[in-house]
Amino acid sequence: QVQLVESGGGLVQAGGSLTLSCAASGSIFSINNMRWYRQAPGNRRELVATITSGGSTDYADSVKGRFTISRDNAKNTVFLQMNNMKPEDTAVYSCNADIAASYSSYYLRYWGQGTQVTVSS
């Protein structure tokens with residue numbers, strides 16, 4: 001079994017910073033892409049940032065220049081550093097990752113449970 005557990009959410013004032021973490025555990029042979037999504041009430045889920053196994057990154061236009069995704073492959077963990085935060089960043093943030101449980105396994109996509117981020121104006 002594979003689990004993804006997020007941490008680091010909370011309440012922050014506009015202009016402030018937060019760092020989210022998402023740690024994968026369980027039967028893990030290899031992790032390919034890792035991603036952060038967010039969903040605000042009444043909105044569709046939005047892909048915020050992606051990082052490949054090689055460290056290449058991609059961001060939604062709404063967070064470019066403010067958010068940074070990174071990963072620690074030794075700890076099977078992905079991070080999202082959020083700076084200069086805005087009230088419109090308020091959402092539930094979830095991570096996912098494409099994980100192979102063994103050398104011969106397919107990559108399957110696993111999700112974390114989500115963590116609330118609230119930015120006050």
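Here are the numbers:
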quantity: Cα pair distances exceeding 17 angstrom across the chain, given as percent; calculated: 53 percent
quantity: Within a Gaussian network of the chain (alpha carbon springs, distance under 10 Å), most fluctuating of Leu20, Leu108, Leu80; calculated: Leu108
quantity: Separation of the Lys86 and Ala60 label points, Cα + 7 Å toward Cβ, nm; calculated: 1.1 nm
quantity: Region 96-121 residues near the modelled Asn32 label - backbone nitrogen below 19 Å, point 7 Å along Cα→Cβ; calculated: 96-112
quantity: Those trypsin sites (Lys or Arg not before Pro) in region 16-121 that DSSP places in a loop and that have at most 11 other beta carbons within 10 Å; calculated: Arg44, Lys64
quantity: Estimated inter-spin distance, Glu46 and Ser105, nm [label 7 Å along Cα→Cβ]; calculated: 3.3 nm
quantity: Probe 1.4 Å, protein heavy atoms only - accessible area per residue of the chain in square angstrom; calculated: 54 Å²
quantity: Restricting region 1-108 to chymotrypsin sites (Phe, Trp or Tyr not before Pro) in coil, as DSSP defines it, with at most 16 other Cβ within 10 Å; calculated: Phe29, Tyr103, Tyr106
quantity: Accessible area (Å², 1.4 Å probe, nearest 10) - Asp61; calculated: 130 Å²
quantity: Neighbourhood net charge (15 Å Cβ-Cβ; Lys/Arg +1, Asp/Glu -1) for Gly9; calculated: -1
quantity: Net charge over other residues, Cβ less than 15 angstrom from the Cβ of Glu46 (K, R count +1; D, E count -1); calculated: +3
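The values are calculated or read from the model by the stated rules, or taken from the named source; none is laboratory data. On a predicted model such as this, the values are computed, not experimentally measured, just so you know. Please note: Cβ atoms are built from the backbone with ideal geometry, for glycine as well, and neighbour counts cover all protein chains shown. Keep in mind that these areas ignore ligands, DNA and RNA; they rest on the heavy atoms of the full protein, side chains included. Shrake-Rupley method; radii C 1.70, N 1.55, O 1.52, S 1.80 Å.
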